[in-house]
Amino acid sequence: MSKRIGLVIFPQFQALDMAALTVFEFANTLLAAPLYELSTLSLAGGPVKSSSGVALDSLPLGWGGYDTLLVAGALGSPGAQPELEAALLASAAVTRRIASICTGAFVLARTGLMDGKRVTTHWAFGRKLQERHPALTVDEDKIFARDGAIWSSAGVTACIDMALAMVEQDLGAEIARKVARAMVVYHRRSGGQSQFSALAEIEPSSDRIKEALLYARDHLHRDLSVEELASQVHWSPRHFSRVFQSQTGLAPAKAIEKLRVEAAQALIDQGHSSIGRIADLTGFGDEERLRRAFLRAFGQPPKVFVQQARSRNEHVYLS
């Protein structure tokens, strides 16, 4: 029996979210008989214009039942759409799994289906989602999250990672790996959104400062003194420090600590539990320096994050 996959869109949706359907399309090509039947859905059906101006035709959301519903996101946080949210809630009763893509989490959260669930969204909107919907728990560093029948993905291209995980759930790891190879994407991306958000938040205008930050991100195990960073871009340490501070609002040491903290978060999320080993891999050198950095950044020591990650992983395994 085929599985019907529906991408739910609305005016000003992000067209790149169509990539999630492409994953299932590629999976069909690897099977003796196609498994997935793909549709684009909207509240009333008909053409729906994306934020880029490209319009997609769609079927009415209430027409027929679906194995999987994917709620598209937008460039910002979508406003309330009561009729669409009511239709999603009604459809969820006969849907095996339902997922949000990027800021589509705001749409799905307003249905109440995410209450009590651990979810993710684009890193830039995680805090806003948590503030507006305190009944759910936002994990800002996840590429995608699964909590029972509720799935959610981070910004934009993370919908591909989530769709690959769904294909793996349905058809096994080997098919998912073949789909990833055919699409020329990672089967499982290492790390979390922190690998993107830290640099995006610091983002300077100077190419040389960007180059130094990229070097730092890829060499967190090194000392990364001002002298070392300055030498990478052929500036004097004094000039480098002055330009860095003016463009980022941070001293170089503070920016490096931010990169290291987020790298440590990603390692914890991947299942690393040795605080000492994490401190070594991320350049903190010892557990105490890592602990103090986490307290400055989050008000909690790293062991709390290790415990939370272990609890999440156990929950996903059992769900």
What are the residues in region 139-149 that are surrounded by fewer than 24 Cβ atoms within 10 Å (Cβ to Cβ) and aliphatic (A, V, I, L, M), if any?
ALA149
Restricting attention to region 227-279, which residues are under 25 Å from the mean Cα position of the chain (by Cα), hydroxyl-bearing (Ser, Thr, Tyr) and not in a helix (DSSP H, G or I)?
SER273, SER274
Flagged in region 3-43 as open to solvent by 60 Å² or more (accessible area, probe 1.4 Å) and among the hydroxyl-bearing types (Ser, Thr, Tyr), in numbering order, are THR29
If you go through region 65-81 one residue at a time, do you hit one that is within 21 Å of the chain's Cα centre (by Cα), farther than 28 Å from ALA176 by Cα and among the polar types (S, T, N, Q)?
yes
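Sort out for me the helices (runs of 4 or more DSSP H) sitting completely within region 163-221 that have 2 or more residues that are at pLDDT 90 or above and farther than 21 Å from GLN232 by Cβ. Break it down into steps so the answer makes sense when it comes.
Numbers: elements: 173-183, 194-202, 207-218.
Correct list: 173-183.
Taking PHE106, is it surrounded by 21 or more Cβ atoms within 10 Å (Cβ to Cβ) and free of Cβ contacts under 8 Å to residues at least 40 places away in the same chain? Don't jump to the end; show me each part of the working.
Working: surrounded by 21 or more Cβ atoms within 10 Å (Cβ to Cβ): yes; free of Cβ contacts under 8 Å to residues at least 40 places away in the same chain: yes.
Against the criterion (surrounded by 21 or more Cβ atoms within 10 Å (Cβ to Cβ) and free of Cβ contacts under 8 Å to residues at least 40 places away in the same chain), PHE106 qualifies.
Could you list all residues from region 218-245 that are open to solvent by 100 Å² or more (accessible area, probe 1.4 Å), within 21 Å of ASP286 (Cβ to Cβ) and among the charged types (D, E, K, R)?
ARG222, ASP223 - these are the residues of region 218-245 that are open to solvent by 100 Å² or more (accessible area, probe 1.4 Å), within 21 Å of ASP286 (Cβ to Cβ) and among the charged types (D, E, K, R).
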(1) among the aliphatic types (A, V, I, L, M); (2) within 30 Å of ARG132 (Cα to Cα); (3) in a helix (DSSP H, G or I): which one isn't true of ALA27, the others all being true?
(2)
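If a residue must be among the acidic types (Asp, Glu) and part of a strand (DSSP E or B), how many such residues does region 148-162 contain? Before you say what the answer is, go through the steps one by one.
From region 148-162, those among the acidic types (Asp, Glu) are 161; that's our starting set.
Narrowing further to those that are part of a strand (DSSP E or B): none.
Selection size over region 148-162: 0.
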Residue check: is ALA266 at pLDDT below 85 and of a type in the set (A, V, I, L, M)?
yes
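The values are calculated or read from the model by the stated rules, or taken from the named source; none is laboratory data. Predicted, not measured: the structure shown is a model, and the values here were computed from it. Glycine also receives a Cβ, built like all others from the backbone with ideal geometry; neighbour counts cover every protein chain displayed. Protein only, heavy atoms only, side chains kept; ligands, DNA and RNA dropped before computing areas. Shrake-Rupley method; radii C 1.70, N 1.55, O 1.52, S 1.80 Å.
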